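The values are calculated or read from the model by the stated rules, or taken from the named source; none is laboratory data. Keep in mind it's a predicted model, so treat the numbers as computed, not measured. Neighbour counts are summed over all protein chains in view; Cβ atoms, including those assigned to glycine, are modelled from backbone coordinates with ideal geometry. Quick note on the areas: whole protein, heavy atoms, side chains included, nothing else; ligands and nucleic acids left out. Shrake-Rupley method; radii C 1.70, N 1.55, O 1.52, S 1.80 Å.
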Amino acid sequence: MLKKHYSSHLLPALLGIIFLISGWFKGVDPYGTSLQTEEYFRVWGMDGAWCKYSMVWAIVLCTGELFLGLLLVFGIFRKPTAWAACLLMAFFTVVTGDLAFTAAGTAIQDCGCFGEAFKISHEATFFKNLLLLVLAIGNILAVRHERLFPKHGVGKWTVLACLIFATAIPVHSALFLPPADFLPYNRGTNLDGHPDFAVFNRQYEEVTDSLLNLSGSKPLAIITTRKELMAEDWKKLKTFSTLAKQGDIALCLMSLPEQNKRNTMETYYADEVTLKSILRSEKGVLIVENSIIRAKWNLDTYPTKLIRHTTRLKQLAAWNSWVAYRYGFCLLAGFLLIVWIRKKEKQAPQG
């Protein structure tokens, strides 16, 4: 009896943990996941409206994987969850099989299963998904005699908590940038001598060293953008312009060639891959001191009203540099809260 109990819970828990790992690696960087999603849409001939909302699809995908993983781990609504996991793995297996054994695989370098954390070949991804599909089918067989839904709806509050938790992870990263960055430009990265970091002036001469030298004596604020900045964007940057005029900080704009030519700010150019890697949003702010990235903000959500002078800017940069640790604490607290809610629901009398 004990063996049967553990076997019926071990399989969904194992599958759920894999879903959680995969969902988190993608969810912590939804911007990167959206870029990967765009590649899929283009290969399948679904560009246009599908690509336009790639960030939405990325968040939905990440949320779905995380939510399903939590339901599997906590053993909630086991039968419908088992079927949902099986259908999802069947879909992923077909997609990765197409990449592994057809010409589509040459157009997409990586499946994006684990975000930017680590990459595996299309063939390895296919066989990994095939194994997970077998586990998902085994999970269906393990719960085949159970009710479709609990008689008294036990678990509904845990389900709600899981949904909120799963949604918060990709949405937070989309709004406030990835707290854990697996690309080579994380907070704390030294740009001096960085093999992939190169910037050019308006004459297209490389000036990487001279730019980084500006960060030696005072904070360097680099405004990065892959699009033309609008009037409201320049309004948000007014505080930085004021601090630069006072000589408190160094300030520059880094964008793609032929963009933002009319601005009066010192302008540098970088290639699109660098701009996508250094900041996971279309426009944002980097704070660099002594060639080291101290802070990153999405321009749409950075704390404009809190920056009034250079001391405050340094304080905010220091606070931003610890974002990964605060994020980890919040993740742990959120998971433990779900555990507590689940425990209370199981203990509550049913009637």
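Here are the numbers for the structure shown:
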read-out: Mean ellipticity per residue at 222 nm, deg cm²/dmol - from DSSP H runs of n ≥ 4 across the chain, formula -39500 (n - 2.57); value: -18500 deg cm²/dmol
read-out: Solvent-accessible surface ranking, highest first, for Val199, Val339, Val94 at 1.4 angstrom; value: Val94, Val339, Val199
read-out: Counted charge near Glu65, where neighbours are those whose Cβ lies closer than 15 Å (Asp, Glu -1; Lys, Arg +1); value: +1
read-out: Beta bridges per DSSP with both ends in the chain, % antiparallel, nearest 5; value: 65 percent
read-out: Principal-axis tilt of helix 2-27 within the chain, Cα atoms, nearest 10 degrees; value: 20 degrees
read-out: Inter-label distance for Trp44 and Met230, nm, one decimal - labels placed 7 Å from Cα along Cα-to-Cβ; value: 3.0 nm
read-out: With DNA, RNA and ligands ignored, accessible area of Asp192 (1.4 Å probe; Å², nearest 10); value: 100 Å²
read-out: Mean-position separation - Cα centroids, region 36-97 and region 237-311, in angstrom; value: 35 Å
read-out: Student exercise, the chain dipole from Lys, Arg, Asp, Glu Cβ charges, in Debye to nearest 20; value: 1900 debye
read-out: Mean shadow area of region 149-274, taken as a quarter of the surface of its Cα convex hull (nm²); value: 11.7 nm²
read-out: Heavy atoms of Phe25: accessible area, 1.4 Å probe, square angstrom to 10; value: 40 Å²
read-out: Size of charge dipole - region 21-105 - debye, nearest 20, with Cβ of Lys, Arg +1 and Asp, Glu -1, no other charges; value: 300 debye
read-out: Spread of Cα-to-Cα distances over 5 Å intervals beginning at zero, given as percent, for region 1-120; value: 2, 11, 18, 21, 19, 13, 8, 4, 2, 1, 0, 0
read-out: Simple spin-label estimate for Glu258 and Leu148 in nanometres, 7 Å along Cα-Cβ; value: 5.7 nm
read-out: Rounded tilt (10° steps) of 30-43 against the dominant C-alpha axis of the chain; value: 80 degrees
read-out: Positive-end residue, the chain charge dipole about Cα centroid, Cβ charges, pick of Ala250, Val323, Trp83; value: Trp83
read-out: Cleavage-rule hits (chymotrypsin sites (Phe, Trp or Tyr not before Pro)) in region 253-351: DSSP loop, at most 14 neighbouring Cβ within 10 angstrom; value: Trp322
read-out: Helix 54-74 vs. the chain, principal-axis angle (Cα, 0 to 90°, nearest 10); value: 40 degrees
read-out: Label-point gap, in nm, between Leu336 and Arg312 - each point 7 angstrom along Cα→Cβ; value: 3.4 nm
read-out: Mean shadow area of the chain, taken as a quarter of the surface of its Cα convex hull (nm²); value: 21.3 nm²
read-out: Alpha carbon convex hull of region 239-337, volume per residue in cubic angstrom; value: 129 Å³
read-out: Heavy-atom accessible area order for Lys236, Lys227, Lys314, largest first, 1.4 Å probe; value: Lys314, Lys227, Lys236
